[in-house]
Amino acid sequence: MRPADVVVIGAGQAGLSAAYHLQRRGFVAAASGPGNAQGGTGVPAADARPAGTYIVLDAEDGPGGAWRHRWKSLLMATVNGISDLPGLPQPDVDPAEASSSFLTRYFGGYEHDLGLAIERPVKVQSVSREDTDPAGRLTITTSRGTWSARAVINAAGTWTRPFWPIYPGQASFRGRQLHVADYVSADEFRGRHVIVVGGGISAVGLLDEISRVTGTTWFTRREPVWREAAFDRQAGHDAVALVEERVRQGLPPQSVVSVTGLIWTPALRAAAARGVLDRHPMFTAIEPDGVRTADGSFLAADVILWATGFRAELEHLAPLHLRGPGGGIAMDGTRVAAEPRVHLVGYGPSSSTIGANRAGRAAVAGIVTLLAGSG
């Protein structure tokens, strides 16, 4: 069992932000096993004395987090706003470059230049308490050994937990069903009628893209709310506050876009003019060759693309029994209210890139206070 004061799970935007702020606070790399990607103290610490040790455990084969898996047609010109990682701005961006390649390169350079202590690929299997002492240590069991930590920052993200709704007759469908997590390009659907399900940014973006090569139909549970302009600072703050209130109450978090609505862009206005964004209420059942619509008619389809979002990757935290009666995890900022040794970043209100940066900083500040108080 290898010791560290803080174990960070995940090296996406939130995990890298946490690692950066740990180094800024004077934490140094914990001793790692063979195959560690790197480890160092490239960020000048605010205090020259080591404040403790940390390690980032990442399940991916390389840098980039979930961006490694985004479809190639999601370009930097069309991707939703990406915030700089703390301490190192993005290099010059080619709008025509795929976001997966640009952000993977940016994240990799960030890790290298700052000498962050990251071990990969490491799949965290469980986090549990070593004993009943509320100030005791946590055991992190992984695919590459076991760690013992005084605190854990969970930044595992959502990409590995795509949400698939269940509808009557779903198993009978003879066509293809896939989640947006499995999407590659529109060309594979050429000549087939594609149903897109979902009311978020991915759904409308993929509707626009796929409709350029084949026929599409759009279904959502609720009528989407469209905004004429981007949020200003106050509107964004208010939207995040609504999501934050849910997690404070222990309810499952809503996505920020469910509160903010969808913003009209020139591309989406053009798609609407082509009739692509004519939304239909959800179908009532899936049949072998299509779906039964809300008005009782039948719509033939070859493909159902579920752009229905993701859930937070928290299964490895199950031994801690953090979920409450409301089905969510009651939070106090980034800290789990019932377990101060565990912080969730990139969860609920911090699921945006700018929110993830702030959450990494807040989690580290909370952990520094915790560790100082526990000696």
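The values are calculated or read from the model by the stated rules, or taken from the named source; none is laboratory data. No experiment lies behind these values; they were computed from the predicted model shown. Methodologically, a virtual Cβ is constructed for each residue, glycine included, from the backbone with ideal geometry; neighbour enumeration extends over all protein chains shown. In case anyone asks, the SASA skips ligands and DNA or RNA and just uses the protein heavy atoms, side chains included. Shrake-Rupley method; radii C 1.70, N 1.55, O 1.52, S 1.80 Å.
Just a few scattered comments:
- With respect to the conditions (1) aliphatic (A, V, I, L, M); (2) open to solvent by 30 Å² or more (accessible area, probe 1.4 Å); (3) under 28 Å from VAL28 (Cα atoms), ALA300 falls short on a single one, namely (3).
- Odd one out for SER100 among (1) touching a strand residue (DSSP E or B) at 6+ places or on another chain (Cβ under 7 Å); (2) within 30 Å of VAL197 (Cα to Cα): (1)
- Qualifying residue in the stretch 99-108 (condition: in contact with a Ser or Thr (Cβ under 7 Å, 6 or more places away or on another chain), open to solvent by 30 Å² or more (accessible area, probe 1.4 Å) and not small (Gly, Ala, Ser)): no
- For the stretch 65-78, taking the residues that are under 18 Å from ALA14 (Cα atoms) and out of contact with any Leu (no Cβ under 6 Å at 6 or more places or on another chain), the one that is least open to solvent (accessible area, probe 1.4 Å) is identified as GLY65.
Condition check ((1) more than 28 Å from THR220 (Cβ to Cβ); (2) buried (at least 21 other Cβ atoms within 10 Å of the Cβ); (3) under 18 Å from the mean Cα position of the chain (by Cα); (4) of a type in the set (Asp, Glu)) across all residues:
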{"position": "THR293", "(1), (2), (3), (4)": "no, no, no, no"}
{"position": "LEU305", "(1), (2), (3), (4)": "no, yes, no, no"}
{"position": "THR308", "(1), (2), (3), (4)": "no, no, yes, no"}
{"position": "LEU314", "(1), (2), (3), (4)": "no, no, yes, no"}
{"position": "TYR347", "(1), (2), (3), (4)": "no, yes, yes, no"}
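- Beta carbons closer than 8 Å, at least 6 apart along the sequence or on distinct chains, pair a first residue in the stretch 208-226 that is under 13 Å from ILE304 (Cα atoms) with a second that is outside any loop (DSSP other than H, G, I, E, B) and polar (S, T, N, Q) for ILE210/THR216.
- Filter pass, THR220 being over 29 Å from GLY326 (Cβ atoms), touching a helix residue (DSSP H, G or I) at 6+ places or on another chain (Cβ under 8 Å), at pLDDT 65 or above and hydroxyl-bearing (Ser, Thr, Tyr): no
- Tabulated pairs, the stretch 105-124, first closer than 14 Å to ILE9 by Cβ, second small (Gly, Ala, Ser) and in a strand (DSSP E or B), C-beta under 7 angstrom, 6+ apart or interchain: ALA117/ALA29
- Single match in ALA96, ALA151, ALA156, ALA171 (criterion: part of a helix (DSSP H, G or I) and either open to solvent by 10 Å² or more (accessible area, probe 1.4 Å) or of a type outside the set (D, E, K, R) (or both)): ALA171
- The combined condition, being under 29 Å from ALA30 (Cα atoms) and at pLDDT 90 or above, is not fulfilled by ASP84.
- Residue within the stretch 286-297 that is over 30 Å from THR214 (Cα atoms), part of a loop (DSSP other than H, G, I, E, B) and touching a Phe, Trp or Tyr at 6+ places or on another chain (Cβ under 9 Å) present: no
- Answer from LEU75, LEU16 - the residue that is on the phi < 0 side of the Ramachandran plot, at pLDDT 90 or above and under 23 Å from the mean Cα position of the chain (by Cα): LEU16
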